[in-house]
Amino acid sequence: MGERKGTNKWYPPDWHPDMGGLDKYYGTHPLRERAKKIGQGIIVIRFEMPYNIWCGGCGNHIGMGVRYNAEKKKVGNYYSTTIWQFRMKCHLCDNYFEIKTDPANLDYEIVSGARRQERRFDPKQNGQVVPEDRDTIKKLATDPMFKLEHVEKDKRKSKEAKETLGNLEGFQYQRWKDDYAANRLMRDKFRESKKELARGEAADNEVLKRASLELKLLPETVEDKKLAHRLANSSQLSYEEVERGKLEALRRQSVFAKNKQKSVEANVARKVLKQTILAGSKSVSGAVPKTSLSVASKRNSAGIILKPRVECIGIPSTSSPSCPIKDIGSAETLASSSSSCTSVTTNGEETSGLSLIADDYGSDSSDET
């Protein structure tokens, strides 16, 4: 089968060996589209990202191992090693970034368009063994004093690490000398946590079943409990609903409800009647006091006419002919009739029985004292 690969090609009738190969005859390249910039010394290869980077255009993270079609070209030499540079386009935006090889440090260096996610560290800072460079190796081979100093430094470091290693060994021995008890303790804790997770999952499933939901609930926190308590104790109605309810209640009230506010005319009439009765009780001869006349004149000038029904206390019959106070039309009638009322004896003293009970003119009884 191997010999067929060289002979299984069709050559046109006008071709002859002086024209070279078929690629030259057709004017093509074996790499086809990958060699479209071969005249500039650029070919297209498949490049794999050597470490994590951040794109300089869109700022997205590009992980190690992501592959791109990159343009490869030679940019220099490190001694006899070629330095290659790769240019590729970000698959998340229109930004291009360039990376080149760094043979001196056995690494890759970002030229432009991106920045590296730093995860590098100095091995000397955490006590790791660092391989010697060429100059140190050469000096160890040629300088005995330098080699002696280097060996003494290694011994001191080994002595310091020996104590730490001994402590770690003792800790591990105390921890795992009874592997059965350690395994039992670990499994007990695992069972407890497993039961707790099962109870929480059952409670979550019950809540999801009641609400007819299909989603994953997060673990319950203290803030969630406080929020649920506030929502349970707060009003379930919004501000707009509360205001709408107040408006509906106001609309359902009757427009003919009893008005508890006293009118000005009723208050004035009540005061005039009270002053007139007090003035009549003080008058023995039936003379009308000046104050009563002045108040009555003010009342008459204001156009207020009061005709309340008044009864004398102490009269056995409501229609007694001895009581002339039937209708009060003016202050003069009340004053002239006050002397004919029945007298009441209290503690051996005779007083005038003019304690009158007037009808309520739409007012409370507390205002008629």
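The values are calculated or read from the model by the stated rules, or taken from the named source; none is laboratory data. Values in this document were obtained by computation on a predicted structure and should not be read as measured data. Cβ coordinates were reconstructed from backbone atoms using ideal geometry, including for glycine residues, and neighbour counts include every protein chain displayed.
A few notes on this one:
- Residue within the range 22-40 that is part of a loop (DSSP other than H, G, I, E, B), more than 30 Å from ASP133 (Cβ to Cβ) and either at pLDDT 85 or above or in contact with a Pro (Cβ under 7 Å, 6 or more places away or on another chain) (or both) present: yes
- Flag for TYR96 being surrounded by 12 or more Cβ atoms within 10 Å (Cβ to Cβ) and of a type in the set (Ser, Thr, Tyr): yes
- Residues that are within 18 Å of GLY41 (Cβ to Cβ) and under 44 Å from the mean Cα position of the chain (by Cα), drawn from the range 77-95: MET88
- Remark: pairs (first residue in the range 42-68, under 14 Å from SER112 (Cα atoms); second residue small (Gly, Ala, Ser); Cβ separation under 8 Å; 6+ apart in sequence or on different chains) = ILE53/ALA114; TRP54/ALA114; CYS55/GLY113; CYS55/ALA114; GLY56/SER112; GLY56/GLY113; GLY56/ALA114; GLY57/GLY113.
- So GLU109, is it surrounded by 11 or more Cβ atoms within 10 Å (Cβ to Cβ), closer than 30 Å to LYS89 by Cα, free of Cβ contacts under 8 Å to residues at least 12 places away in the same chain and not basic (Lys, Arg): yes
- The range 172-188 residues that are without any contact (Cβ under 8 Å) to a residue 24 or more places away in the chain, paired with ones that are exposed (fewer than 10 other Cβ atoms within 10 Å of the Cβ) and not in a helix (DSSP H, G or I) (beta carbon under 6 Å, 6 or more apart): none
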